[in-house]
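First comes the structure, then the notes that go with it.
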Amino acid sequence: MDDSTLQVYVILFVMITVVLVYSARYFLARRARRLSQGRAPGFRRLSGWLGEAIEAGRPLHLSFGSAGIDRENAAVAAAEAELFYHIIKAAGSGDVAPVISTSSSATVPLCQDTIRRAWDGEDRRARAQWFPGGARSMAFAAGLTATMGVEEPSAHILAGSFGPELALILDSADRQGQGSFAVSDQLEGQAIAFAMADEVLIGEQLFSAAAWLSHESTARADASVQDIWRGLLIALMAVLVLINVAGQLGIASWSLVVVAALALAFIGVVIVRRR
């Protein structure tokens, strides 16, 4: 592919993205207020945890894990900072500030800034906690389990970068009757989250979760555009595979390709309508 062809594809991609973004913002602007928080993926129990934290005077615990703004997973840390902002904002009527933990020293200022922006109460800086370690740190897991017994949080929002140590944290939360939400950019941590956490996000939902907790229609429209692009890319890959198969089997196989394409389209429509 030469440079001119690549430039054309890039321009088309940007133009289609702009059209999708503004179209989604227009059509979602009116009904965004009617979208409840319960429709946000993976957050069915969040309202209950927030209510328990406010009524019982117990904090929420939010953790970045080893995600850091000075590492290769800086995008994960930025996405989770926005997610934590909306969660802390929703718990703003309580008396006890949430606790944010991290094992990345460079992320401590980000923790403090997230609490400062979202929480209006006192002792905001003291609620950002750093535990030594790093990726897959058992020391970090040990520090968190000790904090669970002292702080007695109503729930744990563990969203960031976690490895096998996540099993110890979730097991301790379960034994103490504390709710848990988990998602990780590490394969081991994601598998443990899926098996042990009360609520879980999977894959790219990590980057759109904050939009579904926001009350702004533009944020939810942008998240919807991500879903649209994902569907378009999957459809494009399916079409390319079918064309490749048809080319190998001969012209007579095009009828089978059409039938398969219609079947895939029908399955896609059914999945979208069930969401």
- Message: I need the shape label for the stretch 46-214. Rule: rounded when a/c is under 1.5, else prolate if a/b > b/c, else oblate, with a, b, c from the alpha carbon gyration tensor.
- Response: rounded
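Which length gain, in nm to one decimal place, applies between Leu232 and Glu82 when the Cα-Cα distance is subtracted from 0.36 nm times their residue separation? Each step should come with its number before you reach the end.
On the way: separation 150, 0.36 × 150 = 54.00 nm, distance 2.67 nm.
That pair, Leu232 and Glu82, stretches by 51.3 nm at full extension.
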- Task: Starting at the first residue of the stretch 174-185, write each ³J(HN,Hα) from the Karplus equation 6.51 cos²θ - 1.76 cosθ + 1.60 with θ = phi - 60°, in whole Hz, x for Gly and Pro.
- Result: 5, 5, 9, x, 9, x, 9, 10, 9, 7, 9, 8
- Query: What ³J(HN,Hα) values, in whole Hz, does the Karplus curve 6.51 cos²θ - 1.76 cosθ + 1.60 give for the stretch 47-61 when θ = phi - 60°, with x put for Gly and Pro?
  - Reply: 4, x, 5, 5, x, 5, 5, 6, 5, 8, x, 10, x, 8, 10
- Item | Additional length obtainable on full extension of the chain from Glu152 to Ala75, 0.36 nm per residue less Cα span | 24.7 nm
- Would you please put 55-66, 229-240, 196-207, 181-192 in order of how densely packed they are, using the mean number of other Cβ atoms within 10 angstrom per residue and starting with the highest? 55-66, 181-192, 196-207, 229-240
- Query: Expressed in nm to one decimal, what extension gain is obtained for the pair Ile243 and Met138 from 0.36 nm per residue of sequence separation less their Cα-Cα distance?
  - Reply: 32.8 nm
- Query: Which ³J(HN,Hα) values in Hz, rounded to whole numbers, follow from the phi angles of the stretch 198-214 under the Karplus curve 6.51 cos²θ - 1.76 cosθ + 1.60, where θ = phi - 60° and Gly and Pro get x?
  - Reply: 5, 10, 8, 10, 10, x, 6, 4, 4, 8, 10, 4, 4, 5, 7, 8, 7
- Task: Leaving ligands, DNA and RNA out of it, rank Thr145, Thr114 by accessible area with a 1.4 Å probe, largest first.
- Result: Thr145, Thr114
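The values are calculated or read from the model by the stated rules, or taken from the named source; none is laboratory data. Being a predicted model, the structure only gives us computed values, none of them experimental. Don't worry about glycine lacking a Cβ; one is built from the backbone with ideal geometry, like all the others, and counts go over all protein chains shown. Surface areas here come from the heavy atoms of the whole protein model, side chains and all, with no ligands, DNA or RNA. Shrake-Rupley method; radii C 1.70, N 1.55, O 1.52, S 1.80 Å.
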